[in-house]
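Engineer: My structure is below; once you've seen it, I'll send some questions.
The values are calculated or read from the model by the stated rules, or taken from the named source; none is laboratory data. Please read all numbers here as calculations on a predicted model, not as lab measurements. Every residue, glycine as well, gets a Cβ built from its backbone with ideal geometry; the counts of neighbours run over all protein chains shown. We work out accessible area using only protein heavy atoms, side chains counted, and drop any ligands, DNA or RNA first. Shrake-Rupley method; radii C 1.70, N 1.55, O 1.52, S 1.80 Å.
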Amino acid sequence: MLPILSSLTSETCSQRKLRYPPVSFLKQTNMLSIRSFMILFLSCIAVRMNLCFTGIPFSLRMLYINGHFEFEKVEFAARDFGNRYQYYPAAILHPSSVSDIAMTIKHIWKMGPGSELTVAARGHGHSLHGQAQAHRGVVINMESLQGPQMQVVHTRSFTYIDVSGGELWINILQESLKYGLTPKSWTDYLHLTVGGTLSNAGISGQAFRHGPQISNVHQLEVVTGKGDVVNCSKEQNSDLFYSVLGGLGQFGIITRAKILLEPAPTMVKWIRVLYFDFTTFTREQELLISGENTFDYIEGFVIINRTGLLNNWRSSFDPQDPVQASQFKSEGKILYCLELAKYFHHNKDNNNVDLEIKRLLSRLSYIPSTLFISEVTYVEFLDRVQVSAVKLQSKGLWEVPHPWLNLLIPKSKIKEFAEGVFGNILKETSNGPVLIYPVNKSKWDNRTSVVIPEEDIFYLVAFLTSAVPWSRGNDSLEYILTQNTRILDFCKTANLGAKQYLPHYTTRKEWQAHFGPMWETYVERKRAYDPLAILAPGQRIFKKAKPLS
């Protein structure tokens, strides 16, 4: 102790000056510190403003999830099948669990109305107008969603398959067929996700019998706009169940679904016949969908100003009478094709199915020389559109604009619609099929969020056109969009009571007109399950700004 004290007392004045700097030096140091603090503070503000501008709050980066966020390579989430709209998100969530989705939405919900972040669920990217995009928001890549494997479950009353909301229908078909089973209702294209089609309706040639896909769901798991994970069915949380089905993604994200199944066939007799007369064509379509013992699939399409049609069919179909078929002349008239399918089991129902088809066709008044039949497997028939898709992809013609227009027309107005559109507004059908077929309203549940015409029978009319980017003719995007506008204007002027399927509007007034008396119910559901309007901003129905009141 003493030597240390001695050394301290013997310090020189100069040494003390070195240890304690002068006042002027302290002032200079303080100024530097203040300046450094200000630079750091302003930098933080700049970073914060930049993060807000790009829609990526720092807190989103800090979320602890099992999957991962992508903040850089977000281009694919700004594209869809329509190939007309590109809204870049701030981030893409690749979830590995439902909790990843729930945690992300709950986090954005807790940020409150001050945050502009929104969330869109993206399935296989088959939207037409950017409905699954979220400008400066978060897009959830539903195909990344993992969870329990698909499972077929038998109950005393029914059988279903339990699947992820991000699962493709083609995969569900292949899995259920392992048990000799199949979902009851389909869309024409199977490479779409469960959540995507159930958020719209899911319509195909089986809808007249089984209803749309949303009529064949036993239970759903849904993440609401508050981040709550809810199981719902007709008996449990039923209001959310019906809200989400056909709800355009506005009330929740479907993360899991239990789809009803039935025994599967193995083979299909696939038939096409032609009509000159539209009234006969629709009358016989309506006759077929009203019968108990009828075909299993009933659709139709319109053919305008197209030559060599039957020759194109010969690669897939055989004419019942080759000589008569070779002599068929369309004489430049509009043709209406009735497309039918009868399901059966190979080596079990062959003779019976031929007799049944003969009986059913004997009731129809089609042009006899145009009867074409093909026999294919059940999978080949259901996945038939994929064959065309692969061909178009190989030619670079798949990723072109698809300005599709889908309408639901009441039965009482279908003839007036045809007279006003086919051959007048629509001059030819060379750049995409025009589907037309009836469905029974009794197979639709009016508690869901889908808007359909009031009549007992209504028609789906789908203009599935593809635009050629470099064209300036009648297959150009501008020409087709003008044509679509003329069709919609005609429906409105003629007061046909038409409703858009896969609807696309840009103003609140248009959406209110679309929903009609159902609008208030729709708003109430939004208020209950997504009050900050976080979900599905690409539909442009509600805008996130403040809590709905």
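Here's the yes/no breakdown for (1) in a strand (DSSP E or B); (2) touching a Ser or Thr at 6+ places or on another chain (Cβ under 7 Å); (3) under 21 Å from Trp169 (Cα atoms); (4) open to solvent by 10 Å² or more (accessible area, probe 1.4 Å):
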| position | (1), (2), (3), (4) |
| --- | --- |
| Arg209 | no, no, yes, yes |
| His218 | yes, yes, yes, yes |
| Val230 | yes, yes, no, yes |
| Gln236 | no, no, no, yes |
| Phe241 | no, yes, yes, no |
| Gly246 | no, yes, yes, no |
| Arg256 | yes, yes, yes, yes |
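Engineer: I would also like to ask the following. Looking only at residues in segment 299-312 that are more than 22 Å from Ser362 (Cβ to Cβ) and at pLDDT 85 or above, which one is surrounded by the fewest Cβ atoms within 10 Å (Cβ to Cβ)?
Structural biologist: My answer is Ile304.
The rows are residues; the columns are (1) part of a loop (DSSP other than H, G, I, E, B); (2) without any contact (Cβ under 8 Å) to a residue 60 or more places away in the chain; (3) open to solvent by 50 Å² or more (accessible area, probe 1.4 Å).
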position	(1), (2), (3)
Lys73	yes, yes, yes
Asp80	yes, yes, no
Ile92	no, yes, no
Ile101	no, no, no
Leu117	yes, no, no
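Engineer: Just to be sure I understand, how many residues within segment 317-332 are under 23 Å from Thr465 (Cβ atoms) and surrounded by 14 or more Cβ atoms within 10 Å (Cβ to Cβ)?
Structural biologist: In the first step, residues of segment 317-332 are kept if they are under 23 Å from Thr465 (Cβ atoms); the result is 330, 332.
Checking which are surrounded by 14 or more Cβ atoms within 10 Å (Cβ to Cβ) leaves us with 330.
Result for segment 317-332: 1.
Engineer: Looking at (1) loosely packed, with under 15 Cβ neighbours inside 10 Å; (2) touching a strand residue (DSSP E or B) at 6+ places or on another chain (Cβ under 8 Å); (3) not assigned by the TED database to the domain that holds Phe278, which is the one condition that is false for Lys543?
Structural biologist: Status for Lys543: all satisfied but (2).
Engineer: Looking only at segment 193-207, which residues are outside any helix (DSSP H, G or I), within 29 Å of Ser290 (Cβ to Cβ) and in contact (Cβ under 8 Å) with a residue 40 or more places away in the chain? Working first, answer last.
Structural biologist: Filtering segment 193-207 down to residues outside any helix (DSSP H, G or I) leaves 193, 199-206.
Subset that is within 29 Å of Ser290 (Cβ to Cβ): 200-206.
Hits for segment 193-207 are Asn200, Ala201, Ile203, Ser204, Gly205, Gln206.
Residue-by-condition table, conditions (1) within 16 Å of Gln213 (Cβ to Cβ); (2) at pLDDT below 95; (3) assigned to a strand (DSSP E or B); (4) among the small types (Gly, Ala, Ser):
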{"position": "Ala121", "(1), (2), (3), (4)": "no, no, yes, yes"}
{"position": "His129", "(1), (2), (3), (4)": "no, no, no, no"}
{"position": "Gly147", "(1), (2), (3), (4)": "no, yes, no, yes"}
{"position": "Gly166", "(1), (2), (3), (4)": "yes, no, no, yes"}
{"position": "Gln174", "(1), (2), (3), (4)": "no, no, no, no"}
{"position": "Tyr179", "(1), (2), (3), (4)": "no, no, no, no"}
{"position": "Thr182", "(1), (2), (3), (4)": "yes, no, yes, no"}
{"position": "Ser185", "(1), (2), (3), (4)": "yes, no, no, yes"}
{"position": "Tyr189", "(1), (2), (3), (4)": "yes, no, no, no"}
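Engineer: Also, I was wondering about something else. Checking the structure you have, find out if any residue of segment 276-297 is open to solvent by less than 10 Å² (accessible area, probe 1.4 Å) and within 25 Å of the chain's Cα centre (by Cα).
Structural biologist: yes
Engineer: Ile480 is checked against (1) β-branched (Val, Ile, Thr); (2) part of a helix (DSSP H, G or I); (3) closer than 27 Å to Ala102 by Cα and fails just one. What number does that condition carry?
Structural biologist: For Ile480, the exception is condition (3).
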